[in-house]
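One structure is given below, encoded as structure tokens.
The values are calculated or read from the model by the stated rules, or taken from the named source; none is laboratory data. What you see is a predicted model, and the numbers here were worked out from it, not measured in a lab. Cβ placement follows ideal geometry from the backbone for every residue including glycine, while neighbour counts extend to all protein chains displayed. Each accessible area value is taken on the protein alone, full model and side chains, heavy atoms only, with ligands, DNA and RNA left out. Shrake-Rupley method; radii C 1.70, N 1.55, O 1.52, S 1.80 Å.
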Amino acid sequence: MTKTLYDKIWDAHVVHEDTDGTCLLYIDRHLVHEVTSPQAFEGLRMTGRKLRAPDKTIAVPDHNVPTTPDRENGIENEESRIQVEALDRNAREFGVHYYPVNDVRQGIVHIVGPEQGWTLPGMTVVCGDSHTATHGAFGALAHGIGTSEVEHVLATQTLIQKKSKNMKVEITGSLPPGVTAKDITLSVIGATGTAGGTGYVIEYCGQAIEELSIEGRMTVCNMAIEGGARAGLIAPDEKTFQYVQGRPHAPKGAQWDAAMAWWKTLKSDPDAHWDKVVTLKAEEIAPVVTWGTSPEDVLPITDSVPDPASFAGGKVEAARRALDYMGLTPGQKLTDIEIDTVFIGSCTNGRIEDLRAAAEILKGRKIKVKRAMVVPGSGLVRAQAEEEGLAQIFIDAGFEWRLAGCSMCLAMNPDQLSPGERCAATSNRNFEGRQGRGGRTHLMSPAMAAAAAITGRLTDIRDMMAETA
Amino acid sequence: MEKFTTLTGVAAPMPLVNIDTDMIIPKQFLKTIQRTGLGKNLFDEMRYDDQGREIPDFVLNQPAYRKSEILVAGDNFGCGSSREHAPWALADFGIRTIISTSFADIFYNNCFKNGMLPIVLPQEQVDILMDDARKGENARISIDLESQTVTSADGQVFSFEIDPFKKHCLLNGLDDIGLTLEKVASIDAFEAQATQARPWV
């Protein structure tokens, strides 16, 4: 029987299957952060249950941590501090791998996992965080779970699951200049809607995906959840193996060879069955931005704010509400929208390649927006950016150069928008209130966010590239 | 876990599509280390103004809906983050069933871990129940999990699908972890075999 990549990883992890198809799936890596885990650890304590596999459990605080240089003095917000202290205590008491706030390797859990070589092809990876799909870039089956499931994995190293359907998203051809992984993933959501992937695991493939770096592939898979899919993944190839090799927790020696032998089989069979197929031509993908309060509200930067009446069903009212919230009028050109703030960072776009892309635009220029911040995805990304001279480019342009964390992507820490403040963000959600009550978010690629910082309005990166050339 | 068998109650109408988890429970309330007490902040930014005063227009602030036990909602309810705080907040408010044309995957699963029943029905049926919900106290909706039916205020009966295992756990209030630990020998055996096959994991 022919199989997809998802089928293969699934089959390799089934512990038990009931007659109705309910499976117990073994989990190879469990990533843990401070927001969705305290109740789970408390559950273990209350029931006297043990953590089954501490050596497969990795914890790092990221959502609540301040990103300002004074964070070594501790966390001012009491509730945030209690949550991070609870993770400290739980990580030590249960003996899991732990990267505390003051460790240079600390960062956003989905950046730390791959960076440290915890994420490997063919693995099952879960975390109490919907952006766990990021790890699918390595050909791993990775998805978010709720806190009850976190407790289930802590206690049993398994999850009760039913298999999802297979969906193929193929991006044919090569991306034009100025178009990035972020534009691919947003364009896919624009095409399928935020519920288009519900019930599916997506495999991204095609020439444009193959041509992406591993960082870019992580950006694509990261937002699979925004399309409603349980997970997104990409078959591992030479780029994947090169990225993984030599990382602290990657296999070495004979184990590397054994791993490679299996990893090379991790691809969908040519005649595998797909329940749904979506194909986009890379040549037709433009740099995009979001205009509304759902990631599906996406348009090429050359377009204009849509008329809610142009939609159907419940979307008409949702679009009307979104425009009201966003303070936009139908017909307004997207490039006429003025921006107050720029946020570059998050598990979607907080990796070194993202900072390079933004710095390239910012070099020798000054920002026109009221404030702009770069929040590297990890302490190691930050260190590398400093070494490459990127940090100085950001600082010279007028950006704040921050410490690693989730920061203004979800604004649980002090990095928040004020009511009405309009932000060009490289993160993943433009929901109402996401970046702060009343805050207005436009999602885009790091280069597009950098361009907006320079001009003070949403900007077509291709115009700026022409200027630079 | 609390059992779920039958429920008859007032349903609140929320026809908006794509109601996301940031709307259901904004992030400032995720800083708790407990599961309880989130009901007062359910839909916080839609429900209260920036002074913390109730917004009278919001459905759950209206007298008819302050004790709703059911939500009838627009498509793709619960999209966004994996936060189980969303079902915790709904349950703490007193809502144990949400009826919609579709749910986001993680939210849907999280409901069952908390004695809650999310129900998927076709658009025409959700429309009928939405009309019932708009009538408040005058049009109560009934749910029977055993027979997998929803009954509208005027007696129309709609059947819904549910995974047999999830139904079994909900009807009996069973704890997943306890059930899985009964299979610990299978987990041990799998682990031993996987360690041989993939020693690098």
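Tell me the mean residue ellipticity at 222 nm calculated for chain A from its helices only (DSSP H runs of n ≥ 4, each -39500 (n - 2.57), averaged over every residue, nearest 500).
-9500 deg cm²/dmol
Which aspartates and glutamates does residue B:183 reach when only Cα atoms under 16 Å apart count, and residues fewer than 8 places away in its own chain are ignored?
Result set, ordered by chain and number: A:17, A:18, B:175, B:191.
Counting only C-alpha contacts under 8 Å and six or more residues apart, can you give the relative contact order of chain A as a whole percent?
For chain A, the relative contact order is 17 percent.
Can you tell me, using C-alpha contacts under 8 Å and at least 6 residues apart, the relative contact order of the stretch B:6-197 as a whole percent?
Across the stretch B:6-197, relative contact order equals 22 percent.
Considering only protein heavy atoms, with the full assembly of protein chains and a 1.4 angstrom probe, order A:273, A:30 by accessible area, largest first.
A:273, A:30
How high is the relative contact order of the stretch A:40-110, in percent, counting Cα pairs under 8 Å that sit 6 or more residues apart?
Reported relative contact order: 44 percent.
Where in the stretch B:60-90 does the amide nitrogen come within less than 20 Å of the point 7 Å from the Cα of residue B:156, taken along Cα to Cβ?
B:70-76
Compute the distribution of all C-alpha to C-alpha distances in the stretch A:363-417, in bins of 10 Å from 0, and list the percent of pairs in each, rounded to whole numbers.
Taking all Cα pairs of the stretch A:363-417, the binned fractions are 25, 49, 26, 0 percent.
For the stretch A:350-453, which semi-axes, largest first and in whole Å, follow from the square roots of 5 times the eigenvalues of its Cα gyration tensor?
In descending order, the three semi-axes are 22, 15, 11 Å.
Compute the signed sum of charges (Lys and Arg +1, Asp and Glu -1) over the other residues within less than 14 Å, Cβ to Cβ, of residue A:386.
On the way: positive: A:356, A:382, A:402; negative: A:387, A:388, A:396.
That works out to 0.
What lysines does residue A:363 reach when the alpha-carbon gap must be under 26 Å and sequence neighbours fewer than 8 apart in one chain are set aside?
Filter leaves A:182.
Calculate, for residue A:162 and residue B:184, the FRET efficiency according to 1/(1 + (r/R0)^6) with r their C-beta to C-beta distance and R0 22 Å; round to the nearest 0.05.
It comes out at approximately 0.55.
Counting just the Cα atoms, what span does the stretch B:6-197 cover along each of its three principal axes? Round to the nearest Å and put the largest first.
Ordered largest first, the stretch B:6-197 gives principal extents of 62, 43, 24 Å.
Quick check: convex hull of the Cα atoms in the stretch B:81-183, volume per residue, rounded to a whole Å³?
Per-residue hull volume (Cα only) is 115 Å³.
Among DSSP beta bridges lying fully in the stretch B:6-197, give the percent that are antiparallel, nearest 5.
Antiparallel: roughly 45 percent of the beta bridges in the stretch B:6-197.
Please list the radius of gyration and Dmax for the stretch A:218-363, considering alpha-carbon atoms only, with Å as the unit.
For the stretch A:218-363, the Cα radius of gyration and maximum Cα-Cα distance read 20.7, 62 Å.
Please give me, ordered by residue number, the trypsin sites (Lys or Arg not before Pro) of the stretch A:349-434 that lie in loop per DSSP and have at most 16 other Cβ atoms within 10 Å.
Numbers: sites: A:351, A:356, A:363, A:365, A:366, A:368, A:370, A:371, A:382, A:402, A:422, A:429, A:434; in loops: A:351, A:363, A:365, A:366, A:368, A:370, A:402, A:429, A:434.
Those satisfying the criteria are A:363, A:366, A:368, A:370.
Suppose each label sits 7 Å from its Cα in the direction of the beta carbon; what would the residue B:131-residue A:312 distance come out to in nanometres?
Spacing of the two 7 Å Cα→Cβ label points: 2.2 nm.
Write down the percent of antiparallel bridges among all DSSP beta bridges whose residues are both part of chain A, to the nearest 5.
Percent antiparallel among DSSP bridges in chain A is about 25.
If R0 is 56 Å, what FRET efficiency do you get for residue B:124 and residue A:88 from their C-beta distance, rounded to 0.05?
Numbers: r = 53 Å, r/R0 = 0.94.
Step by step, r from the Cβ atoms, then E = 0.60.
Going 7 Å from the Cα of residue A:20 in the Cα-to-Cβ direction, what parts of the stretch B:122-147 have a backbone nitrogen less than 16 Å from that spot?
Answer for the stretch B:122-147: B:145-147.
What do you reckon, how do A:126, A:277, A:101 stack up by accessible area (1.4 Å probe), largest on top?
Putting A:126, A:277, A:101 in descending order of accessible area: A:277, A:101, A:126.
Starting from the eigenvalues of the Cα gyration tensor, five times each then square-rooted, give me the equivalent ellipsoid semi-axes of the stretch A:1-115, largest first, whole Å.
Working: eigenvalues 216, 66, 26 Å².
Taking √(5λ) for each Cα gyration eigenvalue gives 33, 18, 11 Å.
In terms of the ratio Rg/(2.2 N^0.38 Å) built on C-alpha atoms, what value belongs to chain A?
Taking the Cα Rg and dividing by 2.2 N^0.38 Å, one obtains 0.94.
Which net charge results when you count Lys and Arg as +1 and Asp and Glu as -1 among the other residues whose beta-carbon is under 11 Å from that of residue A:196? Don't skip to the end; give the middle numbers.
Numbers: positive: A:276; negative: A:226, A:296.
Value of the local net charge: -1.
If R₀ is 22 angstrom, what is the calculated FRET efficiency for the pair residue A:174 and residue A:242, using the beta carbon separation as r and rounding to 0.05?
0.60
Could you sort A:412, B:46 by their accessible area in this structure, using a 1.4 Å probe and putting the largest first? Spell out each step's value before the answer.
Details: A:412 0, B:46 30 Å².
From most accessible down to least: B:46, A:412.
Figure the gain on full extension for residue A:211 and residue A:418 (residue separation times 0.36 nm, minus the Cα-Cα span) and round it to one decimal in nm.
Full extension of this stretch gives 70.6 nm more.
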